[in-house]
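Colleague: Sharing a structure here in structure tokens format.
The values are calculated or read from the model by the stated rules, or taken from the named source; none is laboratory data. Small disclaimer: the values here were computed from a predicted structure and weren't measured. Cβ placement follows ideal geometry from the backbone for every residue including glycine, while neighbour counts extend to all protein chains displayed.
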Amino acid sequence: MDGKAVAAQVTEALKARAASLAAAGTHPHLAVILVGDDPASHIYVRNKEKGCQDVGMRSTVMRLPADTDQATLEYRVRALNDDASVHGILVQLPLPAHLDEQAVLALLHPDKDVDGLHVANAGRLLAGIPGPRPCTPQGCMALLDYYGIPIAGKEAVVIGRSNLVGKPMAALLMHANATVTLCHSRTQDLAAHARRADILVVAVGKPRWITGDMVKPGAAVLDVGINRVDGKVVGDVDFESAARVAGYITPVPGGVGKMTIAMLLRNTLDAAERAAGA
Ligand code: GUN
């Protein structure tokens, strides 16, 4: 599955929406808060900025030092909530360990929460009520949709139970009528679960961890991992062995990551259109 190509199609459609909104006086605007010096986070944020630029959206990145305290960070979030020119706010995760991530996310105005991570939006997702959905799971669903991969009645196995990917991914697949199994670090016989999957989503952060022998022939494999090994970026799936068995598979890079950014831009545009009453 070519995430780069599908993402390019999605963003192409967003350009027209961004332009017509701007012509009507609302310039869609994403604000990103980045705390600390994590090199990977800095790269991700730069890609988000570039994505905004590509579709004609405004972006502001607030880079804060690693020793920023909780009160300062919360003050910044409140200021962005109150800034009517900002339609989407993203707090890049993970935050440095001394900061309370949940407390920061809880402060975001739910309407500006383009990551879909505020508890109100997480609740909307579980309840099946419209709202911003987390970008990576949404990107995975968009890929399945683009390639016409059937979901209803299929066995979907999600490996990883994070708030950012695993849990919302399982919820989206469930709403699309898959039979969902959510595996995690304490799962016994992970390989047996993985081998049953018609749709296998892997988000564990362990390089090349899922090998071809753990993949059902013909399965759709979505690799959410981004790991650096000897200066090379690899996924959580051993692409070479898995690709020989899978019917569909996402490469890393060029797979799910590109879709995440496309969905972030779409969520921001949705928020801007709602703010403008469009
Ligand atoms: N860190 C890695 N991926 C993401 C993401 O999609 N959103 C945020 N906020 N932080 C991330």
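Colleague: Is it the case that some residue within region 143-155 is out of contact with any Pro (no Cβ under 9 Å at 6 or more places or on another chain) and within 16 Å of the ligand (Cβ to nearest atom)?
Modeller: yes
Colleague: Within region 247-278, take every residue that is closer than 23 Å to Tyr147 by Cβ, away from the ligand (no atom under 16 Å from the Cβ) and not aliphatic (A, V, I, L, M) and give me the one that is farthest from the chain's Cα centre (by Cα).
Modeller: For region 247-278, the residue satisfying everything is Gly247.
Colleague: Sticking with this structure for a sec: When you go through Arg186, Arg244, Arg228 one by one, which is the residue that is among the charged types (D, E, K, R) and within 16 Å of the ligand (Cβ to nearest atom)?
Modeller: Just a single option satisfies the conditions, and that option is Arg228.
Colleague: Right, another one. Consider only pairs whose beta carbons are under 8 Å apart and that are at least six residues apart or on different chains; among these, list those whose first residue lies in region 33-52 and is of a type in the set (Asp, Glu) and modelled with pLDDT of 95 or more and whose second residue is part of a loop (DSSP other than H, G, I, E, B) and exposed (fewer than 15 other Cβ atoms within 10 Å of the Cβ).
Modeller: Asp37/Ala66; Asp38/Pro94
Colleague: Shifting gears a bit: If a residue has to be assigned to a strand (DSSP E or B) and surrounded by fewer than 18 Cβ atoms within 10 Å (Cβ to Cβ) to count, how many in region 94-144 make the cut?
Modeller: Within region 94-144, residues that are assigned to a strand (DSSP E or B) and surrounded by fewer than 18 Cβ atoms within 10 Å (Cβ to Cβ) number 0.
Colleague: Between a residue in region 1-20 that is at positive phi and any residue that is surrounded by fewer than 19 Cβ atoms within 10 Å (Cβ to Cβ) and assigned to a helix (DSSP H, G or I), which pairs come within a Cβ distance under 7 Å, given they are 6 or more apart or on different chains?
Modeller: none
Colleague: Taking region 42-69, which residues are among the polar types (S, T, N, Q) and surrounded by 17 or more Cβ atoms within 10 Å (Cβ to Cβ)?
Modeller: Selection gives Ser59, Thr68.
Colleague: Would you please list the contacts, defined by Cβ atoms under 7 Å and residues six or more apart or on different chains, that run from a residue in region 130-153 that is farther than 12 Å from Met259 by Cα to a residue that is polar (S, T, N, Q) and away from the ligand (no atom under 16 Å from the Cβ)?
Modeller: Ile151/Asn177; Ala152/Asn177; Gly153/Asn177
Colleague: Please find, among Val77, Val86, Val91, Val104, the residue that is under 24 Å from Arg58 (Cβ atoms) and near the ligand (Cβ under 10 Å from one of its atoms).
Modeller: Just one listed residue meets the conditions, Val91.
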